[in-house]
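Only the coordinates and a few stated rules stand behind these numbers; no lab work does. A quick note: this is a predicted structure, and the numbers were derived from the prediction, not measured. Quick reminder, even Gly has a Cβ in these numbers, built from the backbone with ideal geometry, and neighbours come from all protein chains shown.
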Amino acid sequence: MNTTVTPAQLRELLDSPLTDPTLILSEGQPRIVPGSDAADGATLVIVSREDLQGRLPHDRPHSDADLEYQAAALAATVDELGG
């Protein structure tokens, strides 16, 4: 089971063409799905694009280091929740 959240997944979430893309944990794997699919309650929501954008700097473009920091913080939260 790979519950690790990576900067690449967060970049993919930010760039996703899906409607209200959300990073979820499904069957032990982080996946990006439309927000409507994440709302079914059967999965663990890690972060939505909107929430991730709120966590990133607003006074400058986000960097790879920003995504690495957020990925580590989100991975730690998933681990604490028993993901």
Cβ-based exposure ranking for ILE24, ILE46, in which fewest neighbours within 10 Å come first: ILE24, ILE46
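Under 11 Å from the Cβ of ARG31, count the other residues' Cβ atoms, weight Lys and Arg +1, Asp and Glu -1, and hand me the total.
Summing Lys and Arg as +1 and Asp and Glu as -1 gives -3.
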Under-5 Å amide H pairs with SER48, H placed in peptide plane, nonlocal only: LEU23
For region 7-80, projected area of the alpha-carbon convex hull averaged over all directions, nm²: 4.8 nm²
Listed residues LEU44, GLN9, LEU25: farthest to the positive end of the dipole of region 7-80 (Cβ charges): GLN9
Relative contact order [Cα under 8 Å, 6+ residues apart], region 7-80, whole percent: 30 percent
Within the chain, helix-based [θ] at 222 nm, where runs of 4 or more DSSP H residues each add -39,500 (n - 2.57), nearest 500: -12500 deg cm²/dmol
Cα-centre dipole for the chain with unit charges at Cβ (Lys and Arg positive, Asp and Glu negative), debye to 20: 60 debye
Principal-axis tilt of helix 64-80 within the chain, Cα atoms, nearest 10 degrees: 30 degrees
